[in-house]
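The values are calculated or read from the model by the stated rules, or taken from the named source; none is laboratory data. Predicted, not measured: the structure shown is a model, and the values here were computed from it. With ideal geometry, Cβ positions are generated from the backbone for all residues, glycine too; neighbour counts draw on all protein chains shown.
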């Protein structure tokens, strides 16, 4: 009897998890809408700057170190929506910012090329991280006695993760078009940038391992 009860509980939990996953799934329209809104915020921030008087409310969004205007504009937008920023993503953005300071306008071709290759890899890493944050949100928020608030928070994180994935996948593709690197256009466009990784390991022309 104990085994039968345990089996029934297990089946019920699976059904509850599936129901929670379904309830928190963002619509395609909401993903497209938020993606477009964030891209517009980034473009507007890059062109006209950001409101320097705005005070960020979420502590996890205060850890971006001197972000570029287009990044800060999106940061402000998501802060107003009370959407979290993971420490992993904050680190990705801070590394990308540091790389730009160090390499983008360097006088030597080798250093500039190092930046463009690594920048493409970083965009892929950011997109991948957003994808998994959106995908894994139901595991993070599900509990046996979940409430409407849990559903709302999970849906918000899934929406932000999916929209972030869409935006940074687009940004990486755009960077390959606008400024193709030595390996950027010819690399296999997928998570992990496997061919760029191989190019970095085996490169004799540039020391990308620095």
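Given the conditions (1) surrounded by fewer than 21 Cβ atoms within 10 Å (Cβ to Cβ); (2) in contact with a helix residue (DSSP H, G or I) (Cβ under 7 Å, 6 or more places away or on another chain), report the number of the one that residue 128 does not fulfil.
Of everything listed in (1) surrounded by fewer than 21 Cβ atoms within 10 Å (Cβ to Cβ); (2) in contact with a helix residue (DSSP H, G or I) (Cβ under 7 Å, 6 or more places away or on another chain), residue 128 misses just condition (2).
Would the stretch 33-48 turn up any residue that is under 17 Å from the mean Cα position of the chain (by Cα), exposed (fewer than 14 other Cβ atoms within 10 Å of the Cβ), free of Cβ contacts under 8 Å to residues at least 12 places away in the same chain and under 30 Å from residue 10 (Cα atoms)?
no
Evaluate the following for residue 75: is it touching a residue at least 12 places away in the same chain (Cβ under 8 Å), part of a helix (DSSP H, G or I) and over 18 Å from residue 160 (Cβ atoms)?
No; evaluated as a whole, the condition is false for this residue.
Among the residues that make up the stretch 142-158, is at least one of them closer than 18 Å to residue 87 by Cβ and surrounded by 21 or more Cβ atoms within 10 Å (Cβ to Cβ)?
Yes, the stretch 142-158 contains a residue that is closer than 18 Å to residue 87 by Cβ and surrounded by 21 or more Cβ atoms within 10 Å (Cβ to Cβ).
What are the residues in the stretch 69-95 that are surrounded by 19 or more Cβ atoms within 10 Å (Cβ to Cβ) and farther than 23 Å from residue 137 by Cβ, if any?
70, 72, 73 - these are the residues of the stretch 69-95 that are surrounded by 19 or more Cβ atoms within 10 Å (Cβ to Cβ) and farther than 23 Å from residue 137 by Cβ.
Looking at the stretch 33-49, is at least one residue closer than 30 Å to residue 147 by Cα and at pLDDT below 95?
No, the stretch 33-49 has no match at all.
Would you mind stating whether residue 54 is in a loop (DSSP other than H, G, I, E, B) and either within 23 Å of residue 169 (Cα to Cα) or in contact with a helix residue (DSSP H, G or I) (Cβ under 6 Å, 6 or more places away or on another chain) (or both)?
Working: in a loop (DSSP other than H, G, I, E, B): yes; either within 23 Å of residue 169 (Cα to Cα) or in contact with a helix residue (DSSP H, G or I) (Cβ under 6 Å, 6 or more places away or on another chain) (or both): yes.
Considered against the rule, which asks whether it is in a loop (DSSP other than H, G, I, E, B) and either within 23 Å of residue 169 (Cα to Cα) or in contact with a helix residue (DSSP H, G or I) (Cβ under 6 Å, 6 or more places away or on another chain) (or both), residue 54 comes out as yes.
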